[in-house]
Amino acid sequence: MKILLFGKNGQLGWELQRSLALLGEVVALSREDPGGDLAQPEALRQAVRAVAPDVIVNAAAYTAVDLAEREPQQAEAINALAPQVLAEEALSLDAWLVHYSTDYVFDGSGNRPWREDDATAPLSVYGSSKLEGERRIRASGAKHLILRTSWVYGAHGQNFLKTMLRLGTERERLTVVDDQIGAPTGAELLADATAHALRQATLGSAAFSGLYHLTASGEASWFDYARHALASAHAIDPALRIANVEPIPTSAYPTPARRPLNSRLDTSHFQQIFGLHLPDWRQGVDRTVTELLARR
Ligand SMILES: NC(=O)C1=CN([C@@H]2O[C@H](COP(=O)(O)OP(=O)(O)OC[C@H]3O[C@@H](n4cnc5c(N)ncnc54)[C@H](OP(=O)(O)O)[C@@H]3O)[C@@H](O)[C@H]2O)C=CC1
Ligand SMILES: Cc1cn([C@H]2C[C@H](O)[C@@H](COP(=O)(O)OP(=O)(O)O[C@H]3O[C@@H](C)C(=O)[C@@H](O)[C@H]3O)O2)c(=O)[nH]c1=O
Ligand SMILES: [Mg+2]
């Protein structure tokens, strides 16, 4: 099996290079490689045709949530138009397309975990552009796995966990929002779960094609997450001085983009269809904190 991976240097792309290698030959591209730039649809199309993969995995995206409010066209080009091109090419090759989406497609109302068929209503440009990418893939007729995830972190790349470990060891005091609730999800878990699901889908049938929610289990506010990460770091290295983390409402942390309050995703469909267990979010956070501290 031949797999074409886009966005190989992102948090998730990095981990996918490892996980996908067990499934077949992986051709991995970054934005710098010819045909690897999602903002150049014609070159992208030619790259897919030249490789003629059995599976396309798209880990590239425009992920700068606040900046997207000022760059809606760039966000749309990368998060919506490029996925459509990939889907068109997947259809003509009869290949699978694996793509990722986000909790930010929801408006964050209520407190029940969102199911795949719940109504979407993004609050941000990033969320709208990701939703449009989903729609275009679903409309294409290509076999696809669209995996909606949330709050991704990893040892490779930039994320909230690394920011908290940095600020939390530089400052005396950190204030973090406690009214946005979701599930921190490790890029490692996401990549491994993708490979397991993809193996079943490719050995199985087009009946696996669809939209799935895929996150770690349990729930946390950003405040819970920050506090847990710093406590975990302190448990590993008691000599580390860590900030006092204080809860604040979203209203006390103004940002250009609005973010959902309820970002909980119901993953029971994914767990049931693919027979996979999703561990509690703390497990991956603890492992990554350990890895990051060992690197110092
Ligand atoms: N991060 C998160 O919290 C969440 C992410 N997701 C989704 O998961 C997927 C993976 O995200 P994640 O790994 O965390 O994101 P990252 O921001 O870590 O990685 C995204 C990658 O896409 C690359 N990229 C950006 N623009 C282009 C372009 N024009 N052409 C080619 N590559 C480009 C980036 O390259 P460069 O570094 O050069 O910009 C980067 O390597 C995305 O679909 C994202 O929307 C969903 C929920 C949460
Ligand atoms: C740095 C910082 C952030 N915050 C808040 C702001 C925000 O509400 C929340 C998280 O901040 P970030 O900017 O890291 O989060 P953000 O970039 O919005 O993260 C999102 O990225 C995209 C790509 C996704 O798809 C989402 O699932 C989600 O992970 O924490 C604090 O309250 N205190 C702080 O010191
Ligand atoms: Mg961010």
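A short reminder: the numbers here are calculations on the coordinates, not readings from a lab. Here the structure is a predicted model, which means the values were calculated and not measured. All Cβ positions, even for glycine, are placed from backbone atoms using ideal geometry, and neighbour counts span all protein chains on display.
In table form, for the structure just shown:
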| quantity | calculated |
| --- | --- |
| Cα pair distances exceeding 25 angstrom across the stretch 155-266, given as percent | 36 |
| Whether the stretch 64-117 is rounded, prolate or oblate, judged on the alpha carbon gyration tensor where a/c under 1.5 counts as rounded | oblate |
| Length-normalised contact order for the stretch 58-153 - Cα pairs under 8 Å, 6+ apart - percent | 40 |
| Length added when fully stretched, Arg115-Leu240, from 0.36 nm per residue minus Cα-Cα | 40.9 nm |
| Size of charge dipole - the stretch 241-291 - debye, nearest 20, with Cβ of Lys, Arg +1 and Asp, Glu -1, no other charges | 160 |
| Point-charge dipole on Cβ atoms (K/R +1, D/E -1) for the stretch 158-277, about Cα centre, debye to 20 | 240 |
| Nonlocal amide H pairs with Ile56, under 5 Å, H built at 1.01 Å | Leu4, Trp96, Leu97, Val98 |
| Rotationally averaged projected area of the stretch 243-296 (alpha carbon convex hull; nm²) | 6.8 |
| Compactness index (Cα Rg / 2.2 N^0.38 Å), the chain | 0.98 |
| Dipole axis of the chain (+1 Lys, Arg; -1 Asp, Glu on Cβ), positive-most option in Ile181, Asn111, Gly24 | Gly24 |
| Sum of -39500 (n - 2.57) over DSSP H runs of 4+, divided by residues of the chain (222 nm, nearest 500) | -12500 deg cm²/dmol |
| Förster-model FRET efficiency, 25 Å R0, Arg287 and Arg199, C-beta, rounded to 0.05 | 0.60 |
| Cβ-placed point charges (K, R +1; D, E -1), dipole of the chain about Cα centre in debye, nearest 20 | 320 |
| Sites Asp179 and Gln17, calculated FRET efficiency, Cβ-Cβ separation with R0 22 Å, nearest 0.05 | 0.05 |
